[in-house]
Ligand SMILES: *Cc1c(COP(=O)(O)O)cnc(C)c1O
């Protein structure tokens, strides 16, 4: 115990500085390159990263944008989704998934989540579809891909756009295929704490549809393909050269970092399987990337306090569903249709998992959990 009464931190939730120390010389070189070249917006570094990330996601097109929320919003705009339109979203997700819909004037309609995967439950989609439904945003929450096979079938049946919110799932696969190419378009975030993070904000849209990619390219740049010829009412939402250069440095490390996350997840699974914790479930078709390792327990707050006392940082993703936020008090949400989503926020606990977590730190977390659970 430190003199203040606060336990010293033995296991930080994610030590980003440690990650960046590992590749510091390459990041420094990228910074110097951009500075020497002088082009800071819409230059060669962005084009190079877009190509590399498209190849990584196994899709023909990637368009860099300012952040993940903008990526989602620009996709909806490019599809002409707006006022009067309904978009199906998971009842449990980060609020950005819903914000994209309301920012274009649409209405988010929550669908309950699957009790094991915490992702949108395809069996609950039919009841939520109305004549005004235009799209589904499937979130690959915690790095676990949503059931894209079932959602694709439903989207085709009802003529809906299927959009992936892949902000937490860079590199994950569903039925052998990378997320980012499993629907009509996908949104990625490069917020620093994501599996692939910039040194600031960033985002991207990936798609198999070259025409959609061109629309997004226009929309992110004031609606203009050619300078001062504005064909649509666009935004200023570009991934800048510095962030693109940093991301290009980090991308080749992503699979290794994801493998380290998977190794830690497997150690947690083996050590905690016999405890009363409900552990993350991996669908048979899923190859997740463990953005978060989220366990469930009815006495979450007691567990969390015990871990804090042991110097272990944890988090809760998320303590309140978007539909229960003050921002959406005006939405008519039928909570009786969301029984699973309604219980999750009280039970979820995110354990530390990151590529820079040491074996000793993993053992510390396991030991502390076993001590409090037995
Ligand atoms: C982080 C995140 C976003 C938003 O990305 P930003 O880059 O922070 O705007 C959207 N959806 C999900 C599921 C996220 O985790």
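Among beta bridges from DSSP that stay inside the chain, the antiparallel ones total about 60%. Evaluated on region 293-337, the Kirkwood hydrodynamic radius is 12.9 Å, with distances taken between all distinct Cα atoms. Relative contact order of the chain, taken over Cα pairs closer than 8 Å and 6 or more residues apart, is 23 percent. The modelled label-to-label distance between residue 305 and residue 209, using points 7 Å beyond Cα along the C-beta direction, is 5.1 nm.
What the Cβ-Cβ distance of residue 28 and residue 116 gives, at R0 = 51 Å and to the nearest 0.05, is a FRET efficiency of 0.70.
For region 257-358, build the convex hull from the C-alpha positions and give me its volume per residue in Å³.
148 Å³
For the chain, a Gaussian network of Cα nodes joined below 10 Å ranks 330, 248, 297 by mean-square fluctuation, and the top entry is 330. For the chain, the normalised intensity computed at q = 0.06, 0.09, 0.11, 0.12 Å⁻¹ comes to -0.23, -0.52, -0.78, -0.92 (log10 of I(q)/I(0), Debye sum over alpha carbons, equal scatterers, no solvent). Maximal additional length on extending the residue 230-residue 281 stretch stands at 13.6 nm, based on 0.36 nm per residue less the C-alpha distance.
Distance from the Cα centroid of region 313-361 to that of region 1-64 is 26 Å (rounded to whole angstrom).
FYI, it's all coordinate maths here, none of it is from the lab. Worth saying up front: this structure is predicted, and the values here are computed from it rather than measured. Backbone-built Cβ (ideal geometry, glycine too); neighbour counts: all protein chains shown.
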